[in-house]
Amino acid sequence: MDFKPLSQFIDRITNWRIPWAEVLVMRRNETVFRYRNGYADLEQKTPIDDRRIIHLYSLTKIMTCAAALQLVEKGAMLLNDPLSAYLPEYAEMTVRKTLPNGATVLEKARKPITVRDLFAMTAGFSYDLGSPSLREAAERTGGKVPAREFAAALAKEPLLFEPGTRWNYSLCHDVLAALVEAVDGRRFSQYIREEVTGPLGMNDTGFDLTEEQRTRLAPQYRYDDVLGKPARKDGNDFRIGTEFESGGAGLLSTVSDYVLFLNALTNRGTSPNGARILSPAAVDLMRADHLTESMREDYAWVQLAGYGFGLGVRTHISRAESGSLSPLGEFGWSGAAGCLAIIDPDSQLTVMYAQHMLNNQETYVHPRLKNIVYACL
């Protein structure tokens, strides 16, 4: 294995417009390559180091889906169950429909939202965190918006389409976090800590930071095209309440910590030290393609050509369409500030790539990085 091209790529993108980048490659449970370059703090010229905490954003979704799959394994719920069996506020939903004359009307939904729809992003939700019902919930809860209050508020908003008929990237996994709370009884962060991060020895992953961890939170940037350089942009705009533990975008972690979770999935649910968070059957269900042909038309992001969508993850289904060097069945997801997870049970390969810049250049960086990794093996 020669990873020089991978380090050269990291150097190239950090000399381009990304303040810092880091990649960690594990093969058969061993770290075979780790490299970072750039500045955690551009203004202070502070080099990036291996203890920096970052916003994972949508990499949170993988852990949320793993946590919810644990409840499926235990028989506490089924994928085909109606969501309203656990969150009754979803029993009577409306769908916004456009008439031939362009007018919009609200009609009663003919199909129920299922638990599977939350996992697979087919419930009919949007990603509008500023909707009237969510704004009202923020006011009513004094700016706290805990997960169950969030879910109850979102249920008041009309759906974009009949559940289970189309795909739309949305707030599904934030509702999934509320579903975990409803089914299990524990607060979502407590469930994650006791059932996932604790068993895996992940001490730097959570929805809130200690005072010591705050000193390690990396500055966040957004590239400013007018200025021609990254500009500071701290905070997580997806966290709409002080008690909102976003199952879709709320976790903070380090590269060293989160790769432990990703590698457990590479091992089909069990860490090298024997901590089992999922069964092999559940991991295979997670990385199966759950899209129908009609849904595939909505799932048209250029960097995901040749990929299907499983239970909260992309999953590789066509090398001819993707142009990717990874094998079929490789899966994972990415985050708004540019993180990328590559989980590959067949190759026994785990990759955690990290950066901390919004408008993250994902369509350029991620497909190239993936091909370089596999070419280096």
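Checking each residue in the stretch 157-179 for being farther than 19 Å from GLY310 by Cα and either part of a helix (DSSP H, G or I) or without any contact (Cβ under 8 Å) to a residue 40 or more places away in the chain (or both) picks out GLU157, ALA178. For residues that are basic (Lys, Arg) and under 23 Å from the mean Cα position of the chain (by Cα), scanning just the stretch 18-52, find the one that is nearest to ASP346 (Cα to Cα). By that ranking, first place goes to ARG27. Contact annotation: residue pairs with Cβ atoms under 7 Å, 6 or more positions apart or on different chains, pairing a residue in the stretch 292-303 that is touching a residue at least 24 places away in the same chain (Cβ under 8 Å) with a partner that is outside any loop (DSSP other than H, G, I, E, B), are TYR299/PHE309; VAL302/THR363; GLN303/GLU362; GLN303/THR363; GLN303/HIS366; GLN303/PRO367.
Within the stretch 180-195, take every residue that is part of a helix (DSSP H, G or I) and small (Gly, Ala, Ser) and give me the one that is nearest to GLU136 (Cα to Cα). Break it down into steps so the answer makes sense when it comes.
The initial filter retains those residues of the stretch 180-195 that are part of a helix (DSSP H, G or I), namely 180-184, 188-195.
If we keep only those that are small (Gly, Ala, Ser) as well, we get 182, 189.
On the way: ALA182: 22, SER189: 24 Å.
Looking at residues that are part of a helix (DSSP H, G or I) and small (Gly, Ala, Ser), I get ALA182.
Would you say THR210 is more than 28 Å from ARG36 (Cα to Cα), among the β-branched types (Val, Ile, Thr), out of contact with any Lys or Arg (no Cβ under 6 Å at 6 or more places or on another chain) and in the same structural domain as GLY38 (by TED's automatic domain parsing)? It is false that THR210 is more than 28 Å from ARG36 (Cα to Cα), among the β-branched types (Val, Ile, Thr), out of contact with any Lys or Arg (no Cβ under 6 Å at 6 or more places or on another chain) and in the same structural domain as GLY38 (by TED's automatic domain parsing). Please go through (1) farther than 24 Å from PHE9 by Cα; (2) more than 16 Å from the chain's Cα centre (by Cα) for ARG287 and return the number of the only condition it doesn't satisfy. So ARG287 meets the others, but not (2). Select from the stretch 297-330 the residues that are out of contact with any His (no Cβ under 7 Å at 6 or more places or on another chain) and of a type in the set (Phe, Trp, Tyr) and write down the one among them that is nearest to HIS55 (Cα to Cα). Among those residues, the one meeting the criterion is TRP301.
Filtered by the rule that a residue be free of Cβ contacts under 8 Å to residues at least 40 places away in the same chain, among the β-branched types (Val, Ile, Thr) and part of a helix (DSSP H, G or I), the stretch 1-36 gives ILE10, THR14.
Being surrounded by fewer than 19 Cβ atoms within 10 Å (Cβ to Cβ), within 22 Å of the chain's Cα centre (by Cα) and among the basic types (Lys, Arg) narrows it down to one of ARG232, ARG186, so name that one.
Details: ARG232 fails: within 22 Å of the chain's Cα centre (by Cα).
Within the list ARG232, ARG186, the selection yields ARG186.
Restricting the stretch 82-129 to residues that are among the hydroxyl-bearing types (Ser, Thr, Tyr) and in contact with a Lys or Arg (Cβ under 9 Å, 6 or more places away or on another chain), which is nearest to VAL180 (Cα to Cα)? Looking at residues that are among the hydroxyl-bearing types (Ser, Thr, Tyr) and in contact with a Lys or Arg (Cβ under 9 Å, 6 or more places away or on another chain), I get THR122.
For the stretch 1-17, which residues satisfy the criterion of being closer than 30 Å to PHE207 by Cβ and out of contact with any Pro (no Cβ under 8 Å at 6 or more places or on another chain)?
Result: ILE10, ILE13, THR14.
The condition (being more than 18 Å from ASP174 (Cβ to Cβ) and of a type in the set (Val, Ile, Thr)) is satisfied by just one residue among THR266, THR242: THR266.
The numbered conditions (1) part of a loop (DSSP other than H, G, I, E, B); (2) free of Cβ contacts under 8 Å to residues at least 60 places away in the same chain; (3) surrounded by fewer than 16 Cβ atoms within 10 Å (Cβ to Cβ); (4) not basic (Lys, Arg) are all true for LEU209 except (2). Is it true that GLU73 is of a type in the set (Asp, Glu), out of contact with any Phe, Trp or Tyr (no Cβ under 6 Å at 6 or more places or on another chain) and in contact (Cβ under 8 Å) with a residue 40 or more places away in the chain? It is true that GLU73 is of a type in the set (Asp, Glu), out of contact with any Phe, Trp or Tyr (no Cβ under 6 Å at 6 or more places or on another chain) and in contact (Cβ under 8 Å) with a residue 40 or more places away in the chain.
Just one of the listed residues (ASP81, ASP117) is modelled with pLDDT of 95 or more and either within 19 Å of ASN168 (Cβ to Cβ) or of a type in the set (S, T, N, Q) (or both), and it is ASP117. Go through the stretch 267-304 residue by residue and tally those that are touching a helix residue (DSSP H, G or I) at 6+ places or on another chain (Cβ under 7 Å) and on the phi > 0 side of the Ramachandran plot. Result for the stretch 267-304: 2.
Taking each residue of the stretch 259-278 that is in the same structural domain as GLY312 (by TED's automatic domain parsing) and looking for partners that are surrounded by fewer than 21 Cβ atoms within 10 Å (Cβ to Cβ) and in a helix (DSSP H, G or I) with beta-carbon atoms closer than 6 Å, six or more apart or interchain, yields ARG268/PRO280; GLY269/PRO280. Looking only at the stretch 227-260, count every residue that is polar (S, T, N, Q) and assigned to a strand (DSSP E or B) and tell me the total. Number of matching residues: 1. Would you be able to say whether some residue in the stretch 97-113 is touching a helix residue (DSSP H, G or I) at 6+ places or on another chain (Cβ under 8 Å) and either closer than 30 Å to LEU278 by Cα or free of Cβ contacts under 8 Å to residues at least 60 places away in the same chain (or both)? There is at least one residue in the stretch 97-113 that is touching a helix residue (DSSP H, G or I) at 6+ places or on another chain (Cβ under 8 Å) and either closer than 30 Å to LEU278 by Cα or free of Cβ contacts under 8 Å to residues at least 60 places away in the same chain (or both).
The values are calculated or read from the model by the stated rules, or taken from the named source; none is laboratory data. These numbers were taken from a predicted model, which means no experiment stands behind them. So basically every Cβ, Gly included, is an ideal-geometry build from the backbone, and we count neighbours across all protein chains shown.
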